[in-house]
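Read through the structure below, which is laid out as structure tokens, and then see the notes.
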Amino acid sequence: TAGGGGGEQRARQRDERLPPLAAADQDELIDLRGVMELSPMSVLPATPLERVHRHFRSMGLRHLFVTDKRNQLVGVITRKDLLPQVLEEAAEDAHARLAPCRDRW
């Protein structure tokens, strides 16, 4: 996994912001920090599709996180999202949503 001291420090800071667990829930707690990716690959919403596709192909990704400029998660792209028929449907949906905007210009 990636991430060094900075990632661990951020994880601890997030832990401090969480509400305390009830005593009964303490036994159910599993610490996943040892197996999770603290610095996962991500792209911005405006990242070109070609670059997204290249990341999936070159790194063998299954999922790619989409974050805003503040590094807040806004979505997840999966391999399935890059299938030709899914991309075509998404393009048609986007075109339909933009059509009313173009009429106003």
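The values are calculated or read from the model by the stated rules, or taken from the named source; none is laboratory data. Nothing here was measured: the structure is a model prediction, and the numbers come from that model. Glycine gets a Cβ as well: all are built from the backbone with ideal geometry, and neighbour counts include every protein chain shown. Side chains are part of the model used for accessible areas, which takes the heavy atoms of the whole protein and leaves out ligands, DNA and RNA. Shrake-Rupley method; radii C 1.70, N 1.55, O 1.52, S 1.80 Å.
Annotations
- Probing with 1.4 Å while keeping every protein chain in the model, the per residue accessible area of the range 32-94 equals 77 Å².
- Ordering Gly75, Gly60, Ile30 by the projection of their Cα atoms onto the charge dipole of the range 27-97, which places +1 on the Cβ of Lys and Arg and -1 on the Cβ of Asp and Glu, puts Gly60 at the extreme positive end.
- Histogram of C-alpha separations across the range 22-105, 5 Å bin width, %: 3, 11, 16, 17, 15, 11, 9, 6, 5, 4, 2, 1, 0
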